[in-house]
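The values are calculated or read from the model by the stated rules, or taken from the named source; none is laboratory data. Here the structure is a predicted model, which is why all the values come from computation and not from measurement. For neighbour counting, all protein chains shown are included, and Cβ atoms are generated from backbone atoms with ideal geometry for every residue, glycine included.
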Amino acid sequence: MNNNINMRFKLLTRLTFVTVLSVAVTLTSCKKNLTPQGQLTTASVYKDFNNYKSVLAKLYTAFALSGQQGPAGNPDVAGIDEGFSNYLRELFNMEELTTDEAHIVWNDGTVHNLHDMTWNSQNEFIRAMYDRIFYEISLDNEFIRQTSDAKLAENGITGQNATTAKQYRAEARFLRALAYYHAIDLFGSVPFVTEDDNVGVFFPKQKSRKDLFAYVESELKAIDGDLGAPRFEYGRADKAAAWTLLAKLYLNAEVYTGTARYADAATYADKVINSNAYSLEPHFKNLFLADNNNSKEIIFPIESDGIHTQGYGGMTYLIHASVGGNMNPAAFGINGGWAGLRTTKQYVALFNDISGNTDKRAMFFTDGQKLDIDDEYTFTDGYAIQKFRNVTSAGVAGTDNTGNFPDTDFPMFRLADVYLIYAEAAIRGGGDLAKALLYVNKVRTRAYDGSVVGNLASTNDLSLNFILDERGRELLFECQRRTDLIRFGKFTGDSYVWQWKGGVKNGTGVSDNLKLMPIPSTDIINNPTLVQNPGYK
């Protein structure tokens, strides 16, 4: 939870009418009209600079919220369940349910097809992710459109207010770049829309994955001068957030474009590290508690607030769905578990000691749980994960006294990930191995609460398999695993299998076309210019 909510939630509750500014913002195929009904016009909102920060707040909270009032009843996107269509919830489903890290008990719609890797273009969860990405992009485009130099002058925004508006605009461009990054990673070639496109009904054309990569790269570099200094205000995109996203983009460049950019990944990881604005949280578990906004490690969070961001996606989903069986909901600061998420024995095998007494990243709940997932629909088959909690480091429950909605922020980017990005880039030939070893051992020293004897890596350990496993241990449930497994060549095929991969209990290889999600059939039907990804109808 962020106590400095001047930009976000308290203003959002009284200015919800400025979500998309009562203009007709349409999504890709333009058959889905996402126009919220509001009382003010775009012109009147942007005439008053006092509104700008509140509008910007909507762009941020669209990653955390899925509607206008919370927790449900007035969704941003019609025709889909407001709870499960949340951006963060679906990003988790795409990145985690499709891997060895997470398996879900529920039988809602086609959700089981994600872990079984049997999805197709009709999967409603994939469509929810796709729609959320483009909803976010539509919000960002409108704000960017209304804060151009010409529009600011037209609306009488001058002096320091104009300078501040340019920073807000840069933050909106970052958020749009982040959404396009997720689109590149998940879908490859997607429809491309920016602030230069007229608002209205049209059929956006696809850009290739390579061209989208170049666009995101150019946007992140272009906004560097206008973003705030590293760690200028918690929860907002700063220069370090943009550098981190560039590092991630370059780390995956070989997958996205066919051309390796590991030296560039190392360069931008080092820019974050050398800013000295961020430092590792001394105690690993504190990163995932209700007061994690106090951490100096989190570079860019998706913020949650038990009072002001109420919904059934985001951190509500991640915490409640992880609790079931013999787990005590009160220990997680919630009123009850949903008994949904647990992990596979292949992920458990990354740890030599699963108790958590040595490596604190081993956060397994085993009481009453079996290691094997014999039955996909039984919560007690598979070890549960007790990572995210709605209690503070002092053991105090979150601010929502109903126990429904958490204060815990989601760490989209954090420093330990940046250290491991540098290390991997170095192992792949893009950086200094001595520095990589130093960075890896900073992460491992924290993981073992400073107990370094026998726990530090050596130069001989710095292999790609070691780094993949270290990323798995460090970044469980943080929306990284699918992307990592693809980059290491272990997502499809049979070089690495986990329980129920391919819909078989012991796991089996799957087709390489699954490295990309399908463009949802709804958009293929509605936009005749779109070409489906290979292997899908």
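Among the residues of segment 89-109, write down those that are in a loop (DSSP other than H, G, I, E, B) and more than 20 Å from residue 133 (Cα to Cα). Quick ask: steps written out before the conclusion?
Here is the first cut: in segment 89-109, the ones in a loop (DSSP other than H, G, I, E, B) are 98-102, 105-109.
Residues satisfying the conditions are 99, 100, 101, 102, 105, 106, 107, 108, 109.
Among the residues of segment 493-534 satisfying the criterion of being in contact with a Ser or Thr (Cβ under 6 Å, 6 or more places away or on another chain) and small (Gly, Ala, Ser), which is surrounded by the most Cβ atoms within 10 Å (Cβ to Cβ)?
Per the stated criteria, the residue is 502.
Looking at segment 383-398 only, could you name the residues that are assigned to a loop (DSSP other than H, G, I, E, B) and within 23 Å of the chain's Cα centre (by Cα)? Reasoning before the result, please.
So the first thing to find is which residues in segment 383-398 are assigned to a loop (DSSP other than H, G, I, E, B), and the list is 383, 386-390, 392-396, 398.
Scanning segment 383-398 gives 386, 387, 388, 389, 390, 392, 398.
Mind listing just one residue for me: the one in segment 177-235 that is aromatic (Phe, Trp, Tyr) and surrounded by fewer than 18 Cβ atoms within 10 Å (Cβ to Cβ) and, of those, nearest to residue 264 (Cα to Cα)? Please lay out each step first, then the result.
If we filter segment 177-235 for residues that are aromatic (Phe, Trp, Tyr), which is where we start, we get 180-181, 187, 192, 202-203, 213, 215, 232, 234.
Filter again for surrounded by fewer than 18 Cβ atoms within 10 Å (Cβ to Cβ), leaving 202-203, 215, 232.
Values: 202: 37, 203: 35, 215: 16, 232: 25 Å.
Checking each candidate, the answer is 215.
Being hydroxyl-bearing (Ser, Thr, Tyr) and either assigned to a loop (DSSP other than H, G, I, E, B) or under 20 Å from residue 55 (Cα atoms) (or both): is that true of residue 180 here?
Working: hydroxyl-bearing (Ser, Thr, Tyr): yes; either assigned to a loop (DSSP other than H, G, I, E, B) or under 20 Å from residue 55 (Cα atoms) (or both): no.
For residue 180, the condition - hydroxyl-bearing (Ser, Thr, Tyr) and either assigned to a loop (DSSP other than H, G, I, E, B) or under 20 Å from residue 55 (Cα atoms) (or both) - is not met.
I'm trying to understand the selection: among the residues of segment 336-349, which are touching a residue at least 24 places away in the same chain (Cβ under 8 Å) and exposed (fewer than 15 other Cβ atoms within 10 Å of the Cβ)?
336
Taking interchain pairs and intrachain pairs at least six residues apart, which have beta carbon atoms under 6 angstrom, with the first residue in segment 72-90 and within 18 Å of residue 110 (Cβ to Cβ) and modelled with pLDDT of 90 or more and the second of a type in the set (A, V, I, L, M, F, W, C) and surrounded by 14 or more Cβ atoms within 10 Å (Cβ to Cβ)?
Pairs that qualify, where the first residue is within 18 Å of residue 110 (Cβ to Cβ) and modelled with pLDDT of 90 or more and the partner is of a type in the set (A, V, I, L, M, F, W, C) and surrounded by 14 or more Cβ atoms within 10 Å (Cβ to Cβ), are 90/128; 90/129.
Specify which of the listed residues (357, 401, 352) is in a loop (DSSP other than H, G, I, E, B), closer than 21 Å to residue 293 by Cα and free of Cβ contacts under 8 Å to residues at least 12 places away in the same chain.
Numbers: 357 fails: closer than 21 Å to residue 293 by Cα; 352 fails: closer than 21 Å to residue 293 by Cα.
Of 357, 401, 352, the one residue that is in a loop (DSSP other than H, G, I, E, B), closer than 21 Å to residue 293 by Cα and free of Cβ contacts under 8 Å to residues at least 12 places away in the same chain is 401.
Can you find a residue in segment 474-482 that is touching a strand residue (DSSP E or B) at 6+ places or on another chain (Cβ under 7 Å) and farther than 28 Å from residue 415 by Cα?
no
Tell me, yes or no, whether segment 377-386 has at least one residue that is farther than 25 Å from residue 498 by Cα, among the polar types (S, T, N, Q) and out of contact with any strand residue (DSSP E or B) (no Cβ under 8 Å at 6 or more places or on another chain).
To start, the set of residues in segment 377-386 that are farther than 25 Å from residue 498 by Cα comprises none.
No.
Is there a residue in segment 264-274 that is surrounded by fewer than 21 Cβ atoms within 10 Å (Cβ to Cβ), within 23 Å of residue 486 (Cβ to Cβ), at pLDDT 95 or above and touching a Leu at 6+ places or on another chain (Cβ under 8 Å)?
yes
Any residue at all in segment 119-130 that's in contact with a Lys or Arg (Cβ under 8 Å, 6 or more places away or on another chain) and assigned to a loop (DSSP other than H, G, I, E, B)?
Of segment 119-130, the ones in contact with a Lys or Arg (Cβ under 8 Å, 6 or more places away or on another chain) are 120-121.
Checking which are assigned to a loop (DSSP other than H, G, I, E, B) leaves us with 120-121.
Yes: segment 119-130 contains one or more residues that are in contact with a Lys or Arg (Cβ under 8 Å, 6 or more places away or on another chain) and assigned to a loop (DSSP other than H, G, I, E, B).
Could you tell me whether any residue of segment 189-207 is assigned to a helix (DSSP H, G or I) and touching a Phe, Trp or Tyr at 6+ places or on another chain (Cβ under 6 Å)? Walk me through how you get there before you give the answer.
Filtering segment 189-207 down to residues assigned to a helix (DSSP H, G or I) leaves none.
No, because not a single residue in segment 189-207 is assigned to a helix (DSSP H, G or I) and touching a Phe, Trp or Tyr at 6+ places or on another chain (Cβ under 6 Å).
Considering every residue within segment 307-318, establish whether at least one is surrounded by 21 or more Cβ atoms within 10 Å (Cβ to Cβ), of a type in the set (Phe, Trp, Tyr), closer than 18 Å to residue 477 by Cβ and at pLDDT below 95.
Yes, because at least one residue in segment 307-318 is surrounded by 21 or more Cβ atoms within 10 Å (Cβ to Cβ), of a type in the set (Phe, Trp, Tyr), closer than 18 Å to residue 477 by Cβ and at pLDDT below 95.
Based on what the data block shows, is residue 455 in contact with a Pro (Cβ under 8 Å, 6 or more places away or on another chain), more than 29 Å from residue 374 (Cα to Cα) and either among the basic types (Lys, Arg) or outside any helix (DSSP H, G or I) (or both)? Working first, answer last.
Working: in contact with a Pro (Cβ under 8 Å, 6 or more places away or on another chain): no; more than 29 Å from residue 374 (Cα to Cα): yes; either among the basic types (Lys, Arg) or outside any helix (DSSP H, G or I) (or both): yes.
When the stated conditions are applied, residue 455 does not pass them.
Buried (at least 24 other Cβ atoms within 10 Å of the Cβ), of a type in the set (Gly, Ala, Ser), over 17 Å from the mean Cα position of the chain (by Cα) and over 23 Å from residue 401 (Cβ atoms): does that describe residue 295? Full working, then the answer.
Values: buried (at least 24 other Cβ atoms within 10 Å of the Cβ): yes; of a type in the set (Gly, Ala, Ser): yes; over 17 Å from the mean Cα position of the chain (by Cα): yes; over 23 Å from residue 401 (Cβ atoms): yes.
Here the answer is yes, as residue 295 does meet what is asked.
Could you check segment 415-456 and list, in sequence order, the residues that are more than 19 Å from residue 243 (Cα to Cα), β-branched (Val, Ile, Thr) and either at pLDDT 95 or above or within 22 Å of the chain's Cα centre (by Cα) (or both)?
Within segment 415-456, 427, 440, 443, 445 meet the criteria.
Would you mind stating whether residue 130 is touching a Phe, Trp or Tyr at 6+ places or on another chain (Cβ under 8 Å) and over 24 Å from residue 498 (Cα atoms)? Walk me through how you get there before you give the answer.
On the way: touching a Phe, Trp or Tyr at 6+ places or on another chain (Cβ under 8 Å): yes; over 24 Å from residue 498 (Cα atoms): yes.
Yes: the conditions hold for residue 130.
Test residue 424 against the stated conditions and say whether it is part of a helix (DSSP H, G or I) and either without any contact (Cβ under 8 Å) to a residue 24 or more places away in the chain or not small (Gly, Ala, Ser) (or both).
Values: part of a helix (DSSP H, G or I): yes; either without any contact (Cβ under 8 Å) to a residue 24 or more places away in the chain or not small (Gly, Ala, Ser) (or both): yes.
So residue 424 passes the test.
How many residues are within 25 Å of residue 169 (Cα to Cα), among the small types (Gly, Ala, Ser) and in contact (Cβ under 8 Å) with a residue 60 or more places away in the chain when one looks only at segment 242-292? Walk me through how you get there before you give the answer.
Residues of segment 242-292 that are within 25 Å of residue 169 (Cα to Cα), as a first pass: 242-250, 268-269, 271-272, 275, 277-278.
Add one more test, that the residue is among the small types (Gly, Ala, Ser), and what stays is 242, 247, 269, 275, 277.
The next check asks that each one be in contact (Cβ under 8 Å) with a residue 60 or more places away in the chain; those that pass are 242, 247, 269.
Residues that pass the stated criteria total 3.
Which one of 506, 460, 533 is part of a loop (DSSP other than H, G, I, E, B) and either without any contact (Cβ under 8 Å) to a residue 12 or more places away in the chain or touching a strand residue (DSSP E or B) at 6+ places or on another chain (Cβ under 6 Å) (or both)?
Working: 460 fails: part of a loop (DSSP other than H, G, I, E, B); 533 fails: either without any contact (Cβ under 8 Å) to a residue 12 or more places away in the chain or touching a strand residue (DSSP E or B) at 6+ places or on another chain (Cβ under 6 Å) (or both).
Of 506, 460, 533, the one residue that is part of a loop (DSSP other than H, G, I, E, B) and either without any contact (Cβ under 8 Å) to a residue 12 or more places away in the chain or touching a strand residue (DSSP E or B) at 6+ places or on another chain (Cβ under 6 Å) (or both) is 506.
Which residue out of 152, 175 is in contact (Cβ under 8 Å) with a residue 24 or more places away in the chain, part of a helix (DSSP H, G or I) and aliphatic (A, V, I, L, M)? Before you say what the answer is, go through the steps one by one.
Working: 152 fails: in contact (Cβ under 8 Å) with a residue 24 or more places away in the chain.
Exactly one residue qualifies, and that residue is 175.
So which residues in segment 116-169 are aliphatic (A, V, I, L, M), more than 30 Å from residue 513 (Cα to Cα) and surrounded by 23 or more Cβ atoms within 10 Å (Cβ to Cβ), if there are any at all? Working first, answer last.
Here is the first cut: in segment 116-169, the residues aliphatic (A, V, I, L, M) are 117, 126, 128-129, 133, 137, 139, 144, 150, 152-153, 157, 162, 165.
Now restrict to residues that are more than 30 Å from residue 513 (Cα to Cα): 139, 144, 150, 152-153, 157, 162, 165.
Listed by number, the residues that qualify are 139, 165.
With respect to the numbered conditions (1) in contact with a strand residue (DSSP E or B) (Cβ under 9 Å, 6 or more places away or on another chain); (2) of a type outside the set (Gly, Ala, Ser); (3) more than 17 Å from residue 288 (Cβ to Cβ); (4) surrounded by fewer than 23 Cβ atoms within 10 Å (Cβ to Cβ), which one is the sole condition not fulfilled by residue 391?
Result: residue 391 fails condition (3) only.
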